[in-house]
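These notes are about the structure you will find just below.
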């Protein structure tokens, strides 16, 4: 592999004392994950600089390398040496997969957290991400109790202690986010009281911040601004076709970023003219009529922009490593396209592109005027959602 990448200079890399014997396999591993030859060469060139930094730290064997060596030898800021920073991240993943990094012992979880996790999974049936949020708040409360001076136990908690804890946490959250934290805290306190770890009734002593419906101005963009943003995207490239299709779906149907990245090829019913949107918070899906414009954009991306990968997920990464997108990637796409368009868009998230209710109602009217195959009988419209910057929720009723 090194000979193919560096026909005349391959010995410069294969002769490295630490990384030389494994660089060929590392290059093959990168190519299997969708890295183009140019990116592979840049990683291999950075390997020489990485090895020099390891030698300065006294590393003389691959078995002696730890995770700390990767972090310390990487540049303090990615802009100082982006290739070396990228190599540190990718090489860490490669070492982990090859079993070259020693497993770091995980800190033992408190008994209360372990039992509470079982409760959330077995009895509450919460989603993994929700469980993570609950356990994060519970762990922070236990840490707060352990750091008190003089020391106290869970059984000695008072409303004053909880108020102090909420005040500390509130510095990092908005009022809306703090509502969730308080809900997590109340749930954990109820569980502690049931099992005799904390006094009863503490959960009712915590006041939640007040958040009023429609207290903020609507954050939806004008439809002409949305159109101008979509038209500014260069669809002659694969990345442009993907970004256009994603933003058009969000603008047309008001999809969340998590819903966009969860779409699969099987969710687009071309013959029936429907789009199935999996709902991330509940078990089920919404059925939308597939407009000609949205269908054409998705088809253009699938035929001329979507990488060939062994996955049915619709939208994939355009840059290596190959794989599926995360919700944060959709937000980054919107921010990048908004900057390039030169439009005065004050919002930073893609949720602002959901246009007002009239656009969604026109979409439904067009659907009703067409012949129907009987799969969908009616659509309910929640007009209140329009005031939140999202189109009305369309709920398909099966006959």
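One line per residue, one yes/no per condition, for (1) in contact with a helix residue (DSSP H, G or I) (Cβ under 6 Å, 6 or more places away or on another chain); (2) within 14 Å of residue 239 (Cα to Cα); (3) in the same structural domain as residue 239 (by TED's automatic domain parsing); (4) surrounded by 16 or more Cβ atoms within 10 Å (Cβ to Cβ):
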{"position": "270", "(1), (2), (3), (4)": "no, no, yes, no"}
{"position": "286", "(1), (2), (3), (4)": "no, no, yes, yes"}
{"position": "300", "(1), (2), (3), (4)": "yes, yes, yes, yes"}
{"position": "306", "(1), (2), (3), (4)": "no, yes, yes, yes"}
*asked:* Here's a check for you: in region 231-260, which residue that is modelled with pLDDT of 90 or more, surrounded by fewer than 19 Cβ atoms within 10 Å (Cβ to Cβ) and under 23 Å from the mean Cα position of the chain (by Cα) is farthest from residue 174 (Cα to Cα)?
replied: 238
*Name the residues in region 189-230 that are surrounded by fewer than 13 Cβ atoms within 10 Å (Cβ to Cβ) and either modelled with pLDDT of 85 or more or more than 31 Å from the chain's Cα centre (by Cα) (or both), would you?*
194, 195, 196, 200, 201, 204, 207, 210, 224
*in contact with a helix residue (DSSP H, G or I) (Cβ under 6 Å, 6 or more places away or on another chain) and in a strand (DSSP E or B), is that true of residue 261?*
no
*Among residues belonging to region 18-35 that are without any contact (Cβ under 8 Å) to a residue 60 or more places away in the chain and touching a helix residue (DSSP H, G or I) at 6+ places or on another chain (Cβ under 7 Å), point out the one that is farthest from residue 46 (Cα to Cα).*
31
*For region 49-72, state whether one or more residues are under 29 Å from residue 318 (Cβ atoms), touching a helix residue (DSSP H, G or I) at 6+ places or on another chain (Cβ under 8 Å), modelled with pLDDT of 85 or more and not in a helix (DSSP H, G or I).*
no
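The values are calculated or read from the model by the stated rules, or taken from the named source; none is laboratory data. Computed from a prediction, not measured in an experiment: that's the story for all the values here. Note: ideal-geometry Cβ built from the backbone for every residue, glycine included; neighbour counts use all protein chains shown.
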